[in-house]
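The structure under discussion appears below in the form of structure tokens.
Only the coordinates and a few stated rules stand behind these numbers; no lab work does. All figures in this text were calculated on a predicted structure; none of them were measured in a lab. Counting neighbours? That spans all protein chains shown, and the Cβs are built from the backbone with ideal geometry, glycine included.
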Amino acid sequence: MHWRQPEIKRTKTVCTYCGVGCSFEMWTRDRHVLKVQPVADAPANGISTCVKGKFAWDFLNDKERLTTPLIRENDRFRKASWDEALELVARRLLQIRDQHGPQSIGFIGSSKASNEEAYLTQKIARLIIGTNSVDNSSRYCQNPATKGLFRTVGYGGDAGTIDDLQKAELVIIVGSNTAENHPVIASRLKAAKKHHGQKLLVVDPRRHEMAERADLYLRIRPSTDMVWASAMSRYLFDNGYADKAFLANHVNQVDEYRQSLAPFSLEFAAKTTGLSVEELTAAAELIGNAGSVCIVWAMGITQHSHGADTSTALSNLLLVTGNYGRPGTGGYPMRGHNNVQGASDFGCLKNYYPGYESVSDESVRAKWANAWGVEPERLSLEVGSDNFEMVEHARTKQIRAMYVIGEETAFSDADTTNVHEGFTDLDFLVVQDLFLSRTAQFADVVLPGCPSVEKEGTFVNTERRIQRFYEAMAPLGDSRPDWRILTDLAARMGHDWGYTHPSQIMAEAASIATIFAGVSYERLEGWNSQLWPVKPDGESTPLLYTDGFTFPDGRAVLYPLEWQPPAEAPDEEYDLALNNGRMLEHFQSTNQSGRGGRTMSLSPDWFVEISPQLAAERDLAEGDWVKLTSRRGSLEVPVVVTDRVAGGSLFISIHQGKPGINLLTGEHHDPVVNTPAYKELAVKLEKLSRE
Ligand code: SF4
């Protein structure tokens with residue numbers, strides 16, 4: 001008998017992990033991933049990928065994948081049909097809306113799901129429920145950066161492309177462990193440095209890989225970056241480096257801003273940041289003498305109680321030196337999840353419809369109501385609740401039900417204990433996910449969604465680049481693409497939108513939201529991509545601000561700021577600063593990257609990094625176990641002694657542990673955007689006995 005194996009299928013996909021947005025061919029046979037094959041046509045990464053994109057796909061066939069809906073009954077989950085589960089969700093959400101009002105329900109969209117799925121999430125929230133309480137995980141990470149850009153230049157996205165970043169004479173990396181968190185972008189910067197003489201300035205409390213490679217590395221005191229950036233601006237003004245012509249022609253509030261810089265002398269900055277005046281001067285001279293400057297930043301800036309202000313200060317610094325609107329210039333906040341940019345772009349935000357169109361603007365409301373075929377009064381003008389507020393409002397019963405898609409809120413949100421209590425207080429919780437996650441453990445109904453390789457859709461990467469991904473394999477078991485689940489749910493709530501393919505959803509979004517006007521699946525076919533804002537004829541905007549800034553008069557704004565110290569800093573009792581972040585081998589909760597062991601085995605256990613100085617002071621050796629205690633809780637970990645950290649600064653990964661680092665983090669947050677101040681964490685350390 002002749003036996004033949006099925007053909008190898010080659011499918012273009014986009015990585016499901018970080019915001020670099022690497023695309024590649026996935027070679028599959030049935031459900032087996034045989035190979036991830038980089039392709040030179042891939043616009044963000046070419047032939048590069050990192051270890052996660054290449055190998056971290058075991059989760060697709062993991063035995064714990066959800067394959068059928070689950071309904072909680074007598075404190076246990078039982079399997080249910082899609083009909084039964086969706087009927088229950090539709091009935092309970094409408095009941096709660098009618099009984100407690102539209103503001104009693106909140107939605108958290110997924111930063112891993114597609115743009116089309118983000119669009120449907122907010123459409124259900126706004127059109128069917130009548131609330132703007134819809135958010136995504138950018139609340140935990142990049143909202144402060146977006147706010148800084150909104151205040152100063154106008155668009156909530158990176159100023160240019162990764163290609164543009166390579167063209168900068170000077171790249172400043174501040175609060176970003178780029179080599180581990182956005183590895184392919186780091187590779188591009190390493191190449192620019194090696195082959196084109198690009199200069200690199202790194203400012204970070206932790207000496208990570210890019211710090212090792214920097215022309216100048218400033219080991220700054222944690223949570224003081226705003227002072228550093230503002231001192232740079234003042235020095236540049238005072239020493240003739242400000243771009244006077246650019247400021248006169250393109251920027252408002254120059255005088256007010258310059259006056260606000262009065263407190264930020266180098267001496268004040270040295271005292272606050274722990275850097276020397278000489279180091280600060282060297283950095284300012286490097287910036288002032290560079291023909292083009294990009295600033296890359298990430299959670300080391302944003303996850304603080306004043307992350308929006310520090311992001312604003314960085315964008316101010318770029319404006320002072322005329323570093324916007326040219327190749328090799330601009331602000332580059334690095335987006336974390338593969339589609340955290342898209343989840344926000346497509347309206348999973350409490351104050352914006354897709355395309356950053358304000359929910360409080362009556363003319364915007366009229367436009368969306370008209371497009372959706374309802375009276376304007378059906379859509380709320382009231383800004384909704386965000387992730388942080390939803391949990392708080394659950395505690396006070398203002399929020400009665402939540403619908404969480406693909407977000408591990410019960411692990412990843414700060415102050416885990418508070419979040420768990422909020423979920424317990426809900427009348428009804430729906431979780432749509434690939435696994436019975438820690439968040440799903442609190443659910444009344446769990447709906448099995450699909451990962452990107454089991455469906456079609458689009459993602460937006462950190463460059464604002466929209467890319468298509470295609471189905472490499474059929475959904476596992478009875479799981480379904482999330483856009484189908486949401487379409488079916490809407491129909492059961494009386495809104496039969498009739499989508500049979502995600503291209504129809506994108507076409508609808510593009511027909512309404514101005515910045516997506518020319519986006520279409522035809523134009524995105526294969527390795528093609530589009531960068532928003534996209535004109536009606538399909539023309540992309542790779543580089544923003546070449547024709548002015550996104551304000552009515554086309555001029556940018558220098559935004560005055562006042563220095564405010566962190567909400568939590570080491571004191572006599574909690575005397576150490578515990579920094580936390582990602583590792584190359586893992587991604588966030590490890591719900592995906594941790595399955596199957598291939599990347600997990602590269603770094604299986606967590607540990608806390610302590611400095612040689614602290615090790616000597618506390619009589620600690622590598623491998624000793626310590627107890628770390630914050631004002632919220634304690635955890636026990638082994639130590640690694642390394643000069644990556646200095647003095648009383650510690651570092652721990654966010655990935656491992658049960659229940660993990662957020663048992664220690666607190667409720668303090670940035671009041672402007674409600675982003676938790678994960679990085680402002682004071683702890684005390686106690687050595688544990690070896691027995
Ligand atoms: Fe690229 Fe990021 Fe995926 Fe790595 S994790 S392959 S850098 S998109």
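Annotations for the structure displayed:
- Cα centroid separation, the range 628-660 to the range 445-512: 39 Å.
- Share antiparallel - DSSP beta bridges, the chain, percent rounded to 5: 50 percent
- Length added when fully stretched, Arg10-Ala621, from 0.36 nm per residue minus Cα-Cα: 215.0 nm
- Of Lys147/Lys167; Lys194/Lys244; Lys79/Lys658; Lys147/Lys350, those spanning more than 24 Å from alpha-carbon to alpha-carbon: Lys147/Lys167; Lys194/Lys244; Lys79/Lys658
- Taking Phe346, Phe587 and counting other C-beta atoms within 10 Å, the order from fewest to most: Phe587, Phe346
- Under the Karplus curve 6.51 cos²θ - 1.76 cosθ + 1.60, θ = phi - 60°, whole-Hz ³J(HN,Hα) for the range 177-184, x wherever Gly or Pro sits: 8, 4, 5, 9, 8, 9, x, 6
- Each residue of the range 621-636 was assigned a 3J(HN,Hα) from its phi angle through the Karplus curve 6.51 cos²θ - 1.76 cosθ + 1.60 (θ = phi - 60°); the sequence is 10, 3, x, 4, 9, 10, 9, 9, 10, 10, 5, 9, x, 9, 8, 10 Hz, with glycine and proline shown as x.
- Take the Cα of Ala366, step 7 Å toward its Cβ, do the same at Arg72, and the gap between the two points is 4.5 nm.
- In summary, no aspartates and glutamates lie within cross-link reach of Lys63, defined as a Cα separation below 12 angstrom excluding same-chain residues under 8 places away.
- Assuming charge only on the beta carbon of Lys and Arg (+1) and of Asp and Glu (-1), the dipole of the range 143-333 about its Cα centre is about 260 debye to the nearest 20.
- Counted over the range 576-687, the DSSP beta bridges are approximately 65% antiparallel.
- Overall form of the range 576-687 per C-alpha gyration tensor (a/c, 1.5; a/b vs b/c): oblate
- Residues whose amide H falls under 5 Å from that of Ala472, counting only those 5 or more places apart or on a different chain, are Glu454, Lys455, with hydrogens built in the peptide plane.
- Each of His393, His304, His32 was scored by other Cβ atoms within 10 Å of its Cβ. Listed from fewest to most, they are His32, His393, His304.
- The relative contact order of the range 143-333 comes to 36 percent, based on Cα pairs under 8 Å that sit 6 or more residues apart.
- Cβ-derived FRET efficiency at R0 41 Å, Glu562 paired with Lys244, nearest 0.05: 0.95
- Each helix, a run of at least 4 DSSP H residues, gives -39500 (n - 2.57); summed and divided by the residues of the chain, these come to -8500 deg cm²/dmol at 222 nm.
- Averaging the sequence gap over all C-alpha pairs within less than 8 Å and six or more residues apart, then dividing by the number of residues, gives the chain a relative contact order of 20 percent.
- The simple Förster model, with R0 at 45 Å and r as the Cβ-Cβ distance, assigns Glu377 and Asn289 a FRET efficiency of 0.20.
- Order of Asp225, Asp164 - criterion: other Cβ atoms within 10 Å of each residue's Cβ, fewest first: Asp164, Asp225
- Each of Tyr257, Ser230, Val184 was scored by the projection of its Cα onto the charge dipole of the range 127-264, and the greatest displacement toward the positive side belongs to Val184; charges sit on the C-beta of Lys, Arg, Asp and Glu.
- Phi angles of the range 430-439 translate, via the Karplus equation with coefficients 6.51, -1.76, 1.60 and θ = phi - 60°, into HN-Hα couplings of 10, 10, 10, 7, 8, 10, 7, 5, 5, 6 Hz per residue; Gly and Pro are given as x.
- Under 5 Å between amide hydrogens, built in the peptide plane, is the criterion, and for Gly518 it picks out Val534, Lys535, Gly538 among residues at least 5 positions away or on other chains.
- For the chain, a crude dipole built from +1 on the beta carbon of Lys and Arg and -1 on the beta carbon of Asp and Glu, taken about the Cα centre, is about 1480 debye to the nearest 20.
- Built amide H within the under 5 Å cut-off of Leu681, gap 5+: Leu578
- Structural descriptor for the range 9-61: relative contact order 29 percent, calculated from alpha carbon pairs under 8 angstrom and at least 6 residues apart.
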